[in-house]
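A short write-up of the structure that comes next.
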Amino acid sequence: MPRQAARRLPGPQLVRLPAPYPRTDASGHWSGQRMTGNIPIGQLMPDPAGPLDEADLINRYGRTTHPHLRINFVSSLDGAVTIDGYSAGLSSEPDKRVFGILRMVCDALLVGAGTLRIEGYRALRLDPRRRAWRQAHGLPEYPTLVVVSGSLDLTPTLAAFADAPVRPLVLTSASATAPPGLSDVADLVRCGTDRVDLTTGLAELHRRGLRQVLCEGGPLLFGTLTAADLVDEVCLTVAPILAGPGAGRITAGPAGPPRGLSLRHALATPDGTLLLRYARP
């Protein structure tokens, strides 16, 4: 896939590359100089600490004892969720580190079909070290990919399906017609008549033992989950970048009542990246 043109911003040069591509992961995260090195992560609150190692970060982003839906997003200082339509230019090495931990500790990775297509998700795989951690904690080697699609406009040959180490699930509605071959590579979970009922869908995931759910978007799925009051936690990375007008926010969809979350920790890096974790009071 051809290299995309760099977009020059104040400070480090950021490059947006759609996955799959060398040095990108399943969601296409890559950001040039901001990805280099092992940038230290310190804690600002509740108690200043740092630098934090892998075990410290796992402790701060660990699993809960009850069913839990965690959202993970990155945004610019001015609230943009993408640069040139992709999240890659907002990510950084510390963001990637937390991104990997969140995937490691979850039971299921929830993603909207549009995000799956646009960001070019590959098969949900983990490196040997993270697989060993999961096995040591009584978990399957890999989380389960769960795709939300009201229309079932999905291509069965996508690597996220065809190369998956664990058979993915697709949450859809009773009225959606599956394209040929999709049921060969994924299990369809019908929840809702004309549209996907996410409350029912999450209950089915819990019934299947997928209790710790990580959602990586997109914004419409996040907005729908928020409107249904299903979000238990938001892990938000704030990149020290002004993206300018044009990009959307991390949520989209019809407006609903605001819902308060409590700040559980604030982490920071020397380059100005903030890693925030909010959860229900």
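Here, each number is a calculation from the coordinates, and none is a lab measurement. Bear in mind the structure is a predicted one, so any value in this text is a computation, not a measurement. Every residue, glycine among them, receives a Cβ derived from its backbone with ideal geometry; neighbour counts consider all protein chains shown.
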Quiz item: If we sort 234-241, 49-56, 247-254, 107-114 on the protection proxy, mean other Cβ atoms within 10 Å, highest first, what's the order?
Solution: 107-114, 234-241, 247-254, 49-56
Exercise. Please provide three numbers in whole Å: the alpha-carbon extents of segment 98-142 along the principal axes, with the largest listed first.
Key: 34, 18, 16
Practice problem: For segment 144-240, restrict the atom set to alpha-carbon positions and state the Rg and Dmax in Å. | Solution: 13.9, 45
Self-check item: Per-selection Rg to Rh, segment 32-279 - Cα, Kirkwood hydrodynamic radius
Solution: 0.95
Practice problem: Determine ³J(HN,Hα), in whole Hz, for all residues of segment 75-82 in sequence, where each value follows from phi through the Karplus function 6.51 cos²θ - 1.76 cosθ + 1.60 and θ = phi - 60°; x replaces Gly and Pro. | Solution: 9, 7, 4, 9, x, 6, 9, 9
Quiz item: Ranking ILE39, ILE83 by Cβ neighbours within 10 Å, fewest first, what do you get?
Solution: ILE39, ILE83
Exercise. Let me have the relative contact order for the chain, percent, based on Cα pairs under 8 Å that are six or more residues apart.
Key: 24
Exercise. Take every DSSP beta bridge whose two residues both sit in the chain, then give the antiparallel share in percent to the nearest 5.
Key: 40
Quiz item: What value does segment 64-128 have for Rg/Rh, both radii from Cα atoms and Rh as Kirkwood defines it?
Solution: 0.96
Practice problem: Hey, can you grab everything whose amide H is under 5 Å from the amide H of ASP197? Only 5+ residues off in sequence or another chain; H modelled, so Pro and N-termini drop out. | Solution: CYS191, GLY192
Quiz item: Going by average Cβ neighbours within 10 Å, how do the peptides 161-170, 145-154 rank, with the highest at the top?
Solution: 145-154, 161-170
Exercise. Describe numerically, in nm with one decimal, the distance between label points set 7 Å from Cα along Cα→Cβ at LEU242 and at MET45.
Key: 2.5
Exercise. At 0.36 nm per residue, minus the direct Cα-Cα distance, what do THR157 and ALA255 gain on full extension? Give it in nm, one decimal, please.
Key: 31.7 nm
Self-check item: Difference of contour (0.36 nm per residue) and Cα-Cα distance, TRP133 to LEU220
Solution: 28.1 nm
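Please work out the Kirkwood hydrodynamic radius for segment 114-198, using every pair of different C-alpha atoms, and report it in angstroms with one decimal place.
This gives a value of 13.7 Å.
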Self-check item: Positive-end residue, the chain charge dipole about Cα centroid, Cβ charges, pick of ALA279, PRO219, THR237
Solution: THR237
Practice problem: Please turn the phi angles of segment 271-281 into ³J(HN,Hα) values with the Karplus equation 6.51 cos²θ - 1.76 cosθ + 1.60 (θ = phi - 60°), one per residue in order, whole Hz, x for glycine and proline. | Solution: 7, x, 6, 10, 10, 10, 10, 10, 8, 4, x
Practice problem: For segment 110-121, just list the computed ³J(HN,Hα) in residue order, Karplus coefficients 6.51, -1.76 and 1.60, θ = phi - 60°, integers in Hz, with x standing in for Gly and Pro. | Solution: 9, 8, x, 4, x, 5, 4, 6, 5, 7, x, 4
Practice problem: Give, rounded to the nearest 20 debye, the magnitude of the charge dipole that the chain has about its Cα centre when Lys and Arg contribute +1 at Cβ and Asp and Glu contribute -1 at Cβ. | Solution: 220
